[in-house]
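To start, the structure itself, in C-alpha cells.
What follows draws every value from the coordinates through simple rules; no lab data is involved. From a predicted model like this one, the values you see are computed outputs, not experimental measurements. Cβ atoms come from the backbone with ideal geometry, glycine included; neighbour counts cover every protein chain shown.
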Amino acid sequence: MIVCVCNNISDREIRQAIDLGISSVAELHRELGVGTMCGTCVSYAREVLNQHLDSQTTITEVRRLPQAA
C-alpha cells in the first residue's frame, strides 16, 4: 500500500528500511523522503514504523545445546 502519495513510498519500502536500521520518522524523512511534501503521510508512516519495530524479535541470549556423541 502506498503510504506517501507525493513520493510514491510504500509500506513495504518503509519496512525494508527499518530492517536495514532505520528506527525513527526523522530517519524515514531523511532517507526515503517520507513527509517532505504535504506531510499527510507522517502519521501512517509512524504507525507502520511502530508496528514493524514491535514485531521484530530481538535475540538477547545464545545458548549452545550439547551435541550428540
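Site pair Gln51 and Ala68 shows an inter-label distance of 4.3 nm when each label is modelled 7 Å from Cα along Cα→Cβ. Summarising the amide proton neighbourhood of Val3: residues at separation of 5 or more, or on other chains, whose placed amide H is nearer than 5 Å comprise Ile9, Ser10, Asp11. Can you compute the label reach from Asn8? Point 7 Å from Cα along the Cβ direction, backbone N cut-off under 20 Å, restricted to region 23-46. Backbone N within reach: 29-42, 45. Other residues within the sphere of radius under 11 Å centred on the Cβ of Ile2, judged by their own Cβ, net out at -1 (K and R +1, D and E -1). Note on the chain: helix-only mean residue ellipticity at 222 nm, from DSSP H runs of 4+ residues weighted -39500 (n - 2.57) and normalised by residue number, equals -13500 deg cm²/dmol. Taking every Cα-Cα distance in the chain and sorting them into 10 Å bins starting at zero, the pair-distance distribution P(r) comes out as 20, 45, 14, 9, 7, 3, 0 percent. Dipole magnitude for the chain: about 160 debye, using +1 per Lys or Arg Cβ and -1 per Asp or Glu Cβ, origin at the Cα centre.
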